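Where a number appears in this text, it was derived from the coordinates with a stated rule and is not lab data. For clarity, every value in this text was computed on a predicted model and none was experimentally measured. Cβ atoms come from the backbone with ideal geometry, glycine included; neighbour counts cover every protein chain shown.
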Amino acid sequence: MIEANTDQKLNSQQIIAINNLIDHVSARQKIDFGHISSDIKPDGTLITECDRWSDYTIVKELSKVAKGEGVLSEEGSKIIPNSSAYWIVDPLDGTTNFTAGIPYWAISIARFVDGEPETAFLEIPALNKRIFAIKGKGVWLNGKQLSIDKRHQSYTSCVSLCSRSIRILQKKPNQPFPGKIRLLGVASLNLVSVAIGQTIAALEATPKIWDLASSCLILSELGCPIKWLNINPCNLKSGEDLSDISFPLIAASSNKELEKFIPWGEALKKEYY
């Protein structure tokens with residue numbers, strides 16, 4: 001039996017249980033991948049039965065693993081829980097890729113304490129990659145700890161944009177964009193690509209809290225600056241409904257790189273906010 005959490009930090013039993021949960025959900029998703037139809041939600045995004053099953057399974061298990069801690073999830077309650085420690089879940093980030101047979105989607109599970117991310121799990125099922133982060137302790141990829149130095153050693157000029165932020169290219173027709181553009185179609189992985197050295201920056205126009213909950217901690221632990229273009233999610237209060245609230249941002253591999261993209265971020269802000 002998993003003991004109750006008394007010091008606001010996850011114990012080893014809880015971490016093992018969550019990793020087992022991710023194994024279970026990931027296995028089901030890989031079976032359904034490319035072989036499942038989708039419906040359209042009221043906001044125009046896609047959802048599948050696998051999204052619903054994954055959300056239900058994760059939320060149900062978290063209630064056992066971390067008793068008394070609320071859960072906010074994309075397919076469930078979108079209200080910030082009243083508990084000082086709570087979870088933010090995106091059961092399947094990248095449903096469009098998932099249903100189209102594109103092997104790039106993620107499972108995101110993040111734990112917040114007093115309004116800030118404390119632990120993050122980000123699974124990329126098709127690539128068999130799992131990123132795990134603990135505030136103040138670091139980030140691990142498949143059990144191997146990542147370092148800021150190693151990220152700086154990797155050379156790339158790629159920049160990740162979401163499908164909406166691509167519009168900013170039309171706003172500055174006489175100014176070359178400072179990077180090679182990549183559209184991966186998965187907000188959480190767009191952001192994490194910066195942290196692990198695949199890109200030098202990422203711009204997201206309308207991400208929801210579940211899109212970035214895990215990524216923010218991973219970025220922070222690996223020394224990647226973030227510029228919030230509208231609302232900082234660390235200033236949120238319990239009881240707030242985040243259904244229709246977006247958190248546009250720029251993430252970069254360094255402050256120097258961040259400065260290059262601030263004009264583009266301002267253009268993005270004007271476009272949507």
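Listed values, structure above:
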item	result
Dimensionless Rg ratio for region 117-184, taking C-alpha atoms and the 2.2 N^0.38 Å reference	1.49
Inverse mean reciprocal Cα-Cα distance (Kirkwood Rh) of region 33-83, Å	12.4 Å
Degrees, to the nearest 10: 12-32 long Cα axis against longest axis of the chain	70 degrees
Dimensionless Rg ratio for region 85-148, taking C-alpha atoms and the 2.2 N^0.38 Å reference	1.22
Region 118-231: radius of gyration over Cα atoms, expressed as a fraction of 2.2 N^0.38 Å	1.07
Equivalent-ellipsoid semi-axes of region 12-146, from the Cα gyration tensor, Å, largest first	24, 19, 13
Bins of 5 Å from zero: percent of alpha-carbon pairs in region 182-225	5, 26, 37, 24, 8
Packing rank of 133-143, 244-254, where each peptide gets the mean count of other beta carbons within 10 Å, highest leading	244-254, 133-143
For the chain, fraction of C-alpha pairs farther apart than 25 Å, in %	43 percent
Cα-centre dipole for the chain with unit charges at Cβ (Lys and Arg positive, Asp and Glu negative), debye to 20	900 debye
Vicinal HN-Hα couplings computed from phi for region 216-228 (Karplus, 6.51 cos²θ - 1.76 cosθ + 1.60; Hz; Gly/Pro x)	4, 5, 4, 4, 4, 5, 9, x, 9, x, 10, 10, 7
Average Cα contact separation per residue, region 1-159, under 8 Å, 6 or more apart, as relative contact order %	15 percent
The chain - mean residue ellipticity at 222 nm from DSSP helices (-39,500 (n - 2.57) per run, n ≥ 4, rounded to 500)	-10500 deg cm²/dmol
Formal net charge of residues neighbouring Glu266 (Cβ-Cβ distance under 11 Å; K, R +1; D, E -1)	+4
